[in-house]
Amino acid sequence: MRKTVVTLLLLTTLTAVAQQKRDKAEYNAYIEAVDEYVPAPGQFVNTMPEYNDGDNAQTMAEKCSRTMIANSRDIKDDPDKGLICLGAYGGYITFHFDHSIANADGADLKIVGNAFAETGNPLGGSSEPGIIMVSKDVNHNWLPDDPWYELSGSADVDSVGKVIYGYEITYHKDALKAVPWTDNQGGSGTIDRNTFHTQEYFPLWLGDELKLGGTLLPKSGVKSTTGWIQLFLRSGYVDNRPDDVLFDISNAVDKNRQPVSLDFVDFVRVYNCTNQQYPMIGETSTEIALAEDAHLDASLKALGVDTGISEACGASNGVRETIYEMLDGRIRFVRMSDGSVKKILK
């Protein structure tokens with residue numbers, strides 16, 4: 001039996017500066033690639049993105065890359081556009097940009113899911129929160145194998161005593177049947193099947209047993225006049241509420257929930273932090289559409305791309321652009337409307 005075991009561990013120290021960028025003339029605010037896609041079982045797993053015979057961890061990550069990159073482009077009817085499903089508790093995705101993301105003033109990351117409010121109800125609707133983790137590429141190998149830190153969300157102060165830290169869950173494949181699970185709290189259950197999604201719910205490229213872990217938030221489902229909904233959390237989670245899409249690296253904490261000071265991050269991970277399912281809804285499963293450096297200009301400036309550069313603003317065809325120009329006027333760095341930055345020699 002092949003097993004996939006992943007525990008989202010938080011380390012406490014950082015001993016080197018991870019600050020880097022690709023050797024290129026043009027940088028993009030959106031992701032460069034997905035490094036890992038490890039969903040937990042769920043009703044949309046193996047379909048978002050679609051699994052085909054012969055797919056493996058690499059090809060599934062590549063499919064996620066194409067989806068997130070397509071979502072960042074203003075191209076109508078792009079066949080790669082869609083959502084990426086992380087499945088039930090613990091399912092995650094890891095991605096990186098073509099440059100380090102600076103910890104600047106305000107929000108540093110924009111990550112979009114598909115949360116929405118129930119009509120006429122500002123308190124809840126479809127809320128499937130995912131926790132964000134960040135990592136610095138300390139060894140500069142462009143691989144997500146360095147210490148990870150969690151971005152603390154509002155539940156850490158709003159639900160004191162109800163959040164479980166160091167939670168672990170293990171799923172067991174039972175082909176085309178409800179997926180059984182056990183956890184380290186003495187709990188057990190199943191990810192139930194429904195008649196709307198008839199494919200296998202266990203990720204088919206990840207063996208027969210999958211162990212995941214991290215922080216577990218309390219259940220949030222309530223009965224409304226239209227059925228079951230999930231109440232919104234105040235802030236700090238992906239796919240939590242429609243207006244909760246901006247995140248600050250300054251909220252990073254270590255495994256003891258103590259603040260960590262990070263000047264840059266190189267890898268970002270999002271994982272589903274709830275273990276719940278409700279009638280007609282099924283399991284709560286975080287979805288992700290795209291991710292963006294919320295301040296590309298500030299990141300590049302902090303990386304030294306604009307050393308000795310003065311800042312000005314211009315416009316082209318009615319589209320606002322940010323322009324950095326070398327003092328001698330011979331080189332310009334231009335922020336394009338699609339989020340990229342181009343170096344222009346004059």
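The values are calculated or read from the model by the stated rules, or taken from the named source; none is laboratory data. Treat the numbers as computed from the prediction; the structure is a model and nothing was measured. Here the Cβ is made from the backbone with ideal geometry for all residues, glycine too, and neighbour counts use every protein chain on show. Heads up: the accessible areas ignore ligands, DNA and RNA and are worked out on the full protein's heavy atoms, side chains in. Shrake-Rupley method; radii C 1.70, N 1.55, O 1.52, S 1.80 Å.
For this structure, a couple of remarks:
- Number of residues in segment 48-89 that are farther than 20 Å from A29 by Cα, in contact with a strand residue (DSSP E or B) (Cβ under 7 Å, 6 or more places away or on another chain) and open to solvent by 30 Å² or more (accessible area, probe 1.4 Å) equals 1.
- With respect to the conditions (1) within 25 Å of the chain's Cα centre (by Cα); (2) surrounded by fewer than 16 Cβ atoms within 10 Å (Cβ to Cβ); (3) within 24 Å of P122 (Cβ to Cβ), E209 falls short on a single one, namely (3).
- Sole exception among (1) open to solvent by 10 Å² or more (accessible area, probe 1.4 Å); (2) under 22 Å from A291 (Cα atoms) for D137, by number: (1)
- In segment 76-91 there is no residue matching the filter, namely being assigned to a strand (DSSP E or B), modelled with pLDDT of 95 or more and of a type in the set (G, A, S).
- Within segment 161-204, being touching a residue at least 40 places away in the same chain (Cβ under 8 Å), surrounded by fewer than 13 Cβ atoms within 10 Å (Cβ to Cβ) and more than 20 Å from G282 (Cα to Cα) holds for one residue alone: K162.
- Scope segment 230-240; condition open to solvent by 60 Å² or more (accessible area, probe 1.4 Å) and either within 12 Å of the chain's Cα centre (by Cα) or within 15 Å of S126 (Cβ to Cβ) (or both); matching residues: L231
- Hey, N103 over 27 Å from K173 (Cβ atoms) and at pLDDT 95 or above or not: yes
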